[in-house]
């Protein structure tokens, strides 16, 4: 299993606060049968880590895993809060595995910025696949899910949070997650893990729920897409449908 969204690097954002906590997170990841994990620290108003710092901490996290005989590989990435000058500052940001092919993009919690469509389009023009993370937790999309349909219909991929599926982000996020799944607006699932006590992985539990509700083929589709993403292989995006 591959987890494309996590906050496991020590002392870089609101995730892990120490080398020990990073070790505990990696240990739990292995228990969750995760073999590869993308470390995606925040880039937003509160955190603006340099690419070089992220890459150094990813190397350090891989050393922690190796020293403790943990069968897991840590990849680099970044969760970028969308902003109007993102394109002109692209050189500040990390794509997944630093390959220049895909980038995790986050919306504010309570609205969809008017410039989002233009940013997504410009990323695509530069050959970067935008992946909108946890859209089910955005209140504007909860209320008007066609906002998400419009993005997906234009080639944006989306990633839901495992915690939303198990109800850790409230009833509305869970309801929205299932709603957008059923309209083929979801392509990936990830943990967005921060801490074991409050923002755990929940990947195994969420996968079981999805298998029970939609069958093995759908949960396999989401997990396979994560593997395709890491390997720069095409991701099948399905047939998105709008809401009445």
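Among the residues of the stretch 220-244, how many are over 15 Å from residue 4 (Cβ atoms) and surrounded by 15 or more Cβ atoms within 10 Å (Cβ to Cβ)?
Going residue by residue through the stretch 220-244, those that are over 15 Å from residue 4 (Cβ atoms) are 220, 234, 236-244.
Restricting the remaining residues to those that are surrounded by 15 or more Cβ atoms within 10 Å (Cβ to Cβ) gives 237, 240.
So the answer is 2.
Tell me which residues, restricted to the stretch 223-244, are assigned to a helix (DSSP H, G or I) and either at positive phi or in contact (Cβ under 8 Å) with a residue 24 or more places away in the chain (or both).
223, 225, 226, 227, 229, 230
Check the stretch 132-142 and report whether any residue there is surrounded by fewer than 14 Cβ atoms within 10 Å (Cβ to Cβ), part of a loop (DSSP other than H, G, I, E, B) and modelled with pLDDT of 95 or more.
For the stretch 132-142, residues surrounded by fewer than 14 Cβ atoms within 10 Å (Cβ to Cβ), part of a loop (DSSP other than H, G, I, E, B) and modelled with pLDDT of 95 or more: absent.
I'd like to verify a number: residues in the stretch 1-14 that are surrounded by fewer than 24 Cβ atoms within 10 Å (Cβ to Cβ) and either in a helix (DSSP H, G or I) or touching a residue at least 60 places away in the same chain (Cβ under 8 Å) (or both), how many?
4
Taking into account only those residues within the stretch 50-85 that are in a loop (DSSP other than H, G, I, E, B) and in contact with a strand residue (DSSP E or B) (Cβ under 7 Å, 6 or more places away or on another chain), which is farthest from residue 231 (Cα to Cα)?
This residue is 82.
Among the listed residues 17, 118, 28, which satisfies the condition of being in a loop (DSSP other than H, G, I, E, B) and surrounded by fewer than 21 Cβ atoms within 10 Å (Cβ to Cβ)?
None of the other options fit; the residue is 17.
Filter the stretch 36-66 for residues that are out of contact with any helix residue (DSSP H, G or I) (no Cβ under 9 Å at 6 or more places or on another chain), surrounded by fewer than 19 Cβ atoms within 10 Å (Cβ to Cβ) and either more than 20 Å from residue 97 (Cα to Cα) or in contact (Cβ under 8 Å) with a residue 12 or more places away in the chain (or both) and give the result.
44, 45, 46, 47, 53, 62
The values are calculated or read from the model by the stated rules, or taken from the named source; none is laboratory data. Here the structure is a predicted model, which means the values were calculated and not measured. Using ideal geometry, Cβ is built from the backbone for each residue, glycine included, and neighbour counts are taken over all protein chains shown.
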